[in-house]
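**Q** Please see the structure below; I have some questions.
The values are calculated or read from the model by the stated rules, or taken from the named source; none is laboratory data. Bear in mind that the values here come from a model prediction, so they are computed numbers and not experimental data. For neighbour counting, all protein chains shown are included, and Cβ atoms are generated from backbone atoms with ideal geometry for every residue, glycine included.
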Amino acid sequence: MSSNSPNKRWATLRKFDFGGANNLGITLMLENGTGRSAIRKQLRPLQMGRDLGNEVDVMEKLAGHPNIVQIYDFVPASGETFNRHELYVEYCKVLVRGQEVNTIHELSQFYTPKQKEVPELFVWHLYEGLMRALAYMHLGIRSLVDDLYSCNVFLSSKGAYSKTIKSCSEYPRIVVGDFGLSDTASRSQTYFRRSLATGCERSPCRTNLDISAVYEMLELFGHENSKELQNMMRPLHDLRDGSPEILTLLKDLVTTKKRLVGEGKLKFEPLLQ
C-alpha cells in the first residue's frame, strides 16, 4: 500500500495496467487479518461530484445481492496529504484452462467459432443472473446500471456467502459491477418516466439501455441457441428498463429452465477446465 494512504486495513498485492474510465488506478488488495481480496479504485476528488458519489451511493444500497458486486470499504480524500478517494470492492475471478478470468468478455475469448461452444445451460445461467440483478436494481432501489456490457459483468468462484463453488456441479456466480455511470431514480426521474411511458419509442428515449445489453451478452458466445432459449430471449426486444414485466420474464425464465433440466433437455456441462 502506498505510504500516504490513511487506510491500513489493506495491503497491495498487484497493480493492473488498466485504470478504467475516470480512474487513477486499479489495484488488487488483501485485507489484513482476514486474507480477503478486493479491488481498489482510486479517483480524483473532483470526480466525487457525480461518478464516484453515485457509485458509492448505489453500491451501498445494493449491498448483499449475490448478483451484484459488493462494496467493502470507502476512504474519501482527506486533504493535500491524501488527495484521492479509494473505493474497495469485491474481487471476482475463476480459472479457465489455468488462466485467471474475471469477466464475461474474457470468458468469451475461449469460445471462438473454432472452439467448443459454451454449454447452453451456462447461457441460461448468465441470463438468469443478469435479470436477477436488474430486477433488484430497477424495481428495488430504482437504479440503472447505464454501463452494462461484457467487461463489467464478472465471474466469481465464490458463492453468495463466500462459499467456494464446486466447479464439477455449479457454474460461477454472475456478478454485475462498475456503477460509475449508474444513477438512482431520484436523480433520473425523466428517464424513468419516459421508460415507463406507454408508446414511447425506445431509441430516442433510451428506454432499454440495460435490457438491450442483456440480449447482446447472451449472443456474445455465438451459440446455436435452442428454440426454448430463443423464445425466452424474444421479450427483451420490447421490454423497457424499469418495467414491472421484468419480474414476469424472470419468473418464466426460472420456471422454464427448471422444467428443461428436469426433462433432461438441459444438462450441466462444465466450462473449459
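Results for (1) outside the structural domain of G242 (by TED's automatic domain parsing); (2) at pLDDT 85 or above; (3) within 23 Å of K258 (Cα to Cα), shown as yes or no for each residue.
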| position | (1), (2), (3) |
| --- | --- |
| M137 | no, yes, no |
| V145 | no, no, no |
| P172 | no, yes, yes |
| S188 | no, no, no |
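**Q** How many residues, within region 221-273, are in a helix (DSSP H, G or I), modelled with pLDDT of 90 or more and among the charged types (D, E, K, R)?
**A** The number of residues fulfilling the criteria is 8.
**Q** Evaluate region 40-48: report whether one residue or more is at pLDDT 90 or above and not hydroxyl-bearing (S, T, Y).
**A** Taking region 40-48 and keeping what is at pLDDT 90 or above, we get 40.
So of that shortlist, the ones also not hydroxyl-bearing (S, T, Y) come out as 40.
Yes; the residues of region 40-48 include at least one that is at pLDDT 90 or above and not hydroxyl-bearing (S, T, Y).
**Q** Could you check region 58-111 and list, in sequence order, the residues that are in contact with a helix residue (DSSP H, G or I) (Cβ under 6 Å, 6 or more places away or on another chain) and over 22 Å from Y127 (Cβ atoms)?
**A** K61, I71, F74, A77, H85
**Q** Next question. On the given criteria, is R84 surrounded by 17 or more Cβ atoms within 10 Å (Cβ to Cβ), under 27 Å from L209 (Cβ atoms), in contact (Cβ under 8 Å) with a residue 24 or more places away in the chain and among the charged types (D, E, K, R)?
**A** Values: surrounded by 17 or more Cβ atoms within 10 Å (Cβ to Cβ): yes; under 27 Å from L209 (Cβ atoms): no; in contact (Cβ under 8 Å) with a residue 24 or more places away in the chain: yes; among the charged types (D, E, K, R): yes.
Considered against the rule, which asks whether it is surrounded by 17 or more Cβ atoms within 10 Å (Cβ to Cβ), under 27 Å from L209 (Cβ atoms), in contact (Cβ under 8 Å) with a residue 24 or more places away in the chain and among the charged types (D, E, K, R), R84 comes out as no.
**Q** Can M131 be described as in contact (Cβ under 8 Å) with a residue 24 or more places away in the chain and in contact with a Leu (Cβ under 6 Å, 6 or more places away or on another chain)?
**A** yes
**Q** Could you please find all residues in region 261-273 being of a type outside the set (D, E, K, R) and over 26 Å from the mean Cα position of the chain (by Cα)?
**A** G262, G264
**Q** For region 136-159, how many residues meet the condition of being buried (at least 24 other Cβ atoms within 10 Å of the Cβ) and within 21 Å of L247 (Cβ to Cβ)?
**A** So the count comes out to 7.
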